[in-house]
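These notes concern the structure reproduced below.
Since every read-out is calculated from the coordinates, none of them should be taken as a lab result. Bear in mind that the values here come from a model prediction, so they are computed numbers and not experimental data.
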Amino acid sequence: MSDNSASSSPASRTWFRWAAFAMIVGGAAMFVLQAGVLFASSQSGYFAVVAPAIGVAQLLIAFGCVGLWSDHAFGGGIIARTGLALAILGLVFLAIGNILTPFGDLAVFYMVATVALPVGFLLAGVAALRGHAWHGWERYIPLGVGLLPFVLLFAYLGGSRLGEFAVGVWGLAFVVLGWAELREPPLEPVRVRERISTRRHRNR
């Protein structure tokens, strides 16, 4: 774990903890609800009922990402912030698409989410690795969350129950990310001048 825990304020740690718990709960709910289709008599009928609940779970995951973004979990750099902002946007669009499913098919929301979510986590994952913001196995989780949709893509393209279950497996990835977020304390923001002076010192 990072040595910055002592410098983080109690209020910041509390906010960070709640965000992490929200992501864990949201990811677990997403997995359970998506996996439930394996036991449903009608796939379309099942998602017509549970899609809004899946959307709420995805909003909880987005809340966890807001915690990462606001508490400089990946160092607060431009790549990390851009990536997490895209991920949050994708999660919100995905959640809206699911919540409003009973009122019609909102394909545009899913299209935005399909691009923004994985790209966002890929950027955040690269930032986490380059900035050494997290330590141990946790540092690879954001990148893994971004790569997993591409691994599961072929199962999902079939539109089968197995494909929907694959989306639920992605929910488990958010559970792991939330657990990593809970283990890693929030980082203090690093000022631009401090970064420049640090780079100059390393170059000498």
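When every alpha-carbon pair in the stretch 19-118 is counted, what percent end up more than 22 Å apart?
Details: 1581 of 4950 pairs.
The answer is 32 percent, as a whole percent.
Give me the compactness ratio for the stretch 79-136, meaning the Cα radius of gyration over 2.2 N^0.38 Å.
Normalised by 2.2 N^0.38 Å, the Cα Rg of the stretch 79-136 equals 1.34.
Express in whole angstrom the spacing between the alpha-carbon centres of the stretch 107-169 and the stretch 17-67.
If we compute the Cα centre of each part, the gap is 15 Å.
Cα convex hull of the stretch 112-174: how many Å³ per residue? If you can, show how the numbers build up before the last one.
Values: hull volume 4.6 nm³, N = 63.
Normalising the Cα hull of the stretch 112-174 by residue number yields 73 Å³.
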